[in-house]
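A.B. asks: Below is the structure I would like to discuss, written out as structure tokens.
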Amino acid sequence: MRPAFLAIVALSFGPIASSQPIHDGRLFDEGRTLAERSASAPEALDKLHSYVGQWDVDITRYPTDSTTLSTVGQADVSLMNRGWSYMERLHVGDYDREGNSNDAMAFLVYNPASNRFELGESSNYSESMTLYDGAFNANQLVLTTAGRRRGSGTLTFYRLTYTFASDDVLAVLLEESVNDRQTWRPTLRKDYSRRDHSDDFMRVRDDYGTASSSQPVEARQFDFLLGEWTANHNMLLGGNWVQYPTTTTAVFALDGRAILEHSWFSLDPSHAEAATSILRLYNRAERRWESLYLNNRSNSLLHFGGNWEGDRMVLHNFNTNLRDTISRWIFQTVEADRYQWFAESSTDRGATFNETWTIDVVRK
């Protein structure tokens, strides 16, 4: 870690509540306690209205076809991004045989352009992020994704099914298939039972939170984001440069192993309640940062990340190839009370890049 970042990490961001055992700080998002969607948001979100609330969760894992592991957790679901999407926070104190905990966060949104629901999940147990998409079939929301586990040649398909039995009962089943979806094997089941509402349930800290003590040095490279900020944006939209301000906040999340950012602003009269959220997590297995980005202008999720390159943090889409338009996001000029970043793209296989978005961020 660079000396400048050691100084930034050492800054105090507010009083630490010693009586509070959790690491997560204030979530800041103006809509995190909303129980109703924004009147301007897609009506399709109403299909998930019973998802909002506080839950006890019975969890069953299926390590093999003949063994199971059972435990219990708690979940809190609210609307976010000013009432345009859902956020679930899940805490499981005794997740595996070794007694390790698991804190997870999910963003769930409806994308009108694709007529699909999109789900992004992040876990400090796996230190990774996963994107799904899908649609409703009767009272079930069925989401899918696919990938090659551990770099193998076999394509593994994953199916995540939300079954809304009633307003107070929800079941989530994760299955996988290694034979092109001919058969499916369960890997995880979560049974949700609604709790009576309590203001103290899964309460977050009143400050920005603290980092997990088990984090590697590399996982502290984004600590400079913590706090409350004002930002000036200059974005290329439709061939014209548009300037606008935002309010941005960032706190620790996932039991101190991730950083959650929220920004809200008014970009144009057609979308006066614009907002974005970004969850950042360091993946030790991949030795890279992963980011899950959600905005309520396009109602879409983006999974991207990267590493330090020289004196800059360079992030990019994971699925980029040289025949695509290459996009990347670069943090630079990082100081205790100010940082800058910009986005740029290339259409000539990376020979040249053109800026599309610049942001100057100053601490409140």
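The values are calculated or read from the model by the stated rules, or taken from the named source; none is laboratory data. The model shown is predicted, which means the values in this text are computed figures rather than measured ones. So basically every Cβ, Gly included, is an ideal-geometry build from the backbone, and we count neighbours across all protein chains shown. All accessible areas refer to the heavy atoms of the entire protein, side chains included, with ligands and DNA or RNA removed. Shrake-Rupley method; radii C 1.70, N 1.55, O 1.52, S 1.80 Å.
A.B. asks: Taking only pairs six or more apart or across chains, which ones have beta-carbon atoms under 6 Å, a first residue in region 177-190 that is open to solvent by 50 Å² or more (accessible area, probe 1.4 Å), and a second residue that is of a type in the set (S, T, N, Q)?
C.D. replies: Every condition considered, the pairs that remain are Val178/Thr154; Val178/Thr156; Trp184/Ser177; Arg189/Thr60.
A.B. asks: Additional query: Is there a residue being open to solvent by 70 Å² or more (accessible area, probe 1.4 Å) and farther than 28 Å from Thr249 by Cα anywhere in region 196-216? Write out each step before concluding.
C.D. replies: Within region 196-216, the first condition is being open to solvent by 70 Å² or more (accessible area, probe 1.4 Å), and the residues that meet it are 196-197, 199-200, 203, 206, 213.
Filter once more, so that each one left must be farther than 28 Å from Thr249 by Cα: 196.
Checked against the condition, which is being open to solvent by 70 Å² or more (accessible area, probe 1.4 Å) and farther than 28 Å from Thr249 by Cα, region 196-216 yields at least one hit.
A.B. asks: Return the residues of region 279-315 that are free of Cβ contacts under 8 Å to residues at least 24 places away in the same chain, more than 17 Å from the chain's Cα centre (by Cα) and in a strand (DSSP E or B); say none if nothing qualifies.
C.D. replies: Of everything in region 279-315, those that are free of Cβ contacts under 8 Å to residues at least 24 places away in the same chain, more than 17 Å from the chain's Cα centre (by Cα) and in a strand (DSSP E or B) turn out to be Asn307, Glu309, Arg312, Val314.
A.B. asks: Let me ask something else about it. Please pick out the residue among Tyr125, Tyr158 that is free of Cβ contacts under 8 Å to residues at least 40 places away in the same chain, within 27 Å of Asp24 (Cα to Cα) and open to solvent by 40 Å² or more (accessible area, probe 1.4 Å).
C.D. replies: Tyr125
A.B. asks: Among the listed residues Asp167, Asp206, which satisfies the condition of being touching a Ser or Thr at 6+ places or on another chain (Cβ under 6 Å), touching a residue at least 60 places away in the same chain (Cβ under 8 Å), farther than 20 Å from Ser277 by Cβ and not basic (Lys, Arg)? Explain how you work it out, then say what you get.
C.D. replies: On the way: Asp206 fails: touching a Ser or Thr at 6+ places or on another chain (Cβ under 6 Å).
On inspection, the qualifying residue turns out to be Asp167.
A.B. asks: Considering only region 99-122, how many residues are in a strand (DSSP E or B), in contact with a helix residue (DSSP H, G or I) (Cβ under 9 Å, 6 or more places away or on another chain) and either under 12 Å from Leu160 (Cβ atoms) or open to solvent by 20 Å² or more (accessible area, probe 1.4 Å) (or both)?
C.D. replies: Filtering region 99-122 down to residues in a strand (DSSP E or B) leaves 102-111, 116-122.
Checking the rest, the ones that are also in contact with a helix residue (DSSP H, G or I) (Cβ under 9 Å, 6 or more places away or on another chain) come to 108-110, 117.
Going one step further and asking which of them are either under 12 Å from Leu160 (Cβ atoms) or open to solvent by 20 Å² or more (accessible area, probe 1.4 Å) (or both), we end up with 108, 110, 117.
The qualifying residues number 3.
A.B. asks: Another question, if that's okay. Could you list, in sequence order, all residues of region 263-282 that are open to solvent by less than 10 Å² (accessible area, probe 1.4 Å) and either among the β-branched types (Val, Ile, Thr) or farther than 15 Å from Phe224 by Cα (or both)?
C.D. replies: Ala274, Ala275, Ser277
A.B. asks: I'm trying to understand the selection: among the residues of region 322-352, which are of a type in the set (Ser, Thr, Tyr) and in contact with a strand residue (DSSP E or B) (Cβ under 7 Å, 6 or more places away or on another chain)?
C.D. replies: Thr325, Ser327, Thr333, Tyr339, Ser345, Ser346, Thr352, listed by residue number.
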